[in-house]
Amino acid sequence: MLIAILDFSTAATDRPAALAQLDGERDQVRAMAGNVAFRVYASREDDTRITVVHEWDDQASFAGYLSSDSFTRSGEVLRPIMTEAPVSRRFHAELLEVVA
């Protein structure tokens with residue numbers, strides 16, 4: 001499994017547009033082969049911060065997302081309103097169990 005965590009900032013006035021873009025792409029990302037989860041979080045401590053958590057079956061699935069129209073569209077909207085360089089941390093993980 002691959003987990004990617006993206007952190008970025010916008011101006012407080014731009015954050016609603018950034019969240020709307022990500023929310024608008026959610027269903028398409030979730031429908032992509034190998035996607036396990038796509039979650040968007042607005043920071044509760046800072047009205048400029050956004051975190052996106054992705055879970056993918058494997059590196060190839062994530063690479064497919066990175067080359068997708070959805071990723072391109074989001075970049076076209078988000079990059080111009082980011083106030084600093086985004087930070088993406090990517091992890092290989094092994095699922096130990098799912099507890100319900």
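Summary table
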{"item": "Contour excess over end-to-end distance, with Cα ends at residue 31 and residue 81 and 0.36 nm allotted per residue", "result": "15.3 nm"}
{"item": "Value of [θ]222 nm, deg cm²/dmol, for the chain, DSSP H segments ≥ 4, -39500 (n - 2.57) each, nearest 500", "result": "-10500 deg cm²/dmol"}
{"item": "Computed lengthening from residue 98 to residue 3, 0.36 nm per intervening residue step minus Cα-Cα distance", "result": "32.6 nm"}
{"item": "Kirkwood Rh (inverse of mean 1/r, distinct Cα pairs), segment 2-92, angstrom", "result": "13.2"}
{"item": "Table column - 3J(HN,Hα) (Hz), segment 38-45, Karplus curve with 6.51, -1.76, 1.60, x for Gly and Pro", "result": "9, 10, 10, 10, 8, 4, 8, 9"}
{"item": "Lys, Arg +1 and Asp, Glu -1 on Cβ, resulting dipole of the chain about Cα centre, debye, nearest 20", "result": "120"}
{"item": "Residues 10, 83, 48 arranged by fewest to most Cβ contacts within 10 Å", "result": "83, 48, 10"}
{"item": "Relative contact order computed over the chain (Cα-Cα under 8 Å; 6+ residues apart), in percent", "result": "45"}
{"item": "Among 29, 87, 53, residue whose mean-square fluctuation peaks in a GNM of the chain (springs only between Cα atoms under 10 Å)", "result": "87"}
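No lab work stands behind these numbers, since they all come straight from the coordinates. Everything numeric here is computed off the predicted structure, so don't read it as measured data. Methodologically, a virtual Cβ is constructed for each residue, glycine included, from the backbone with ideal geometry; neighbour enumeration extends over all protein chains shown.
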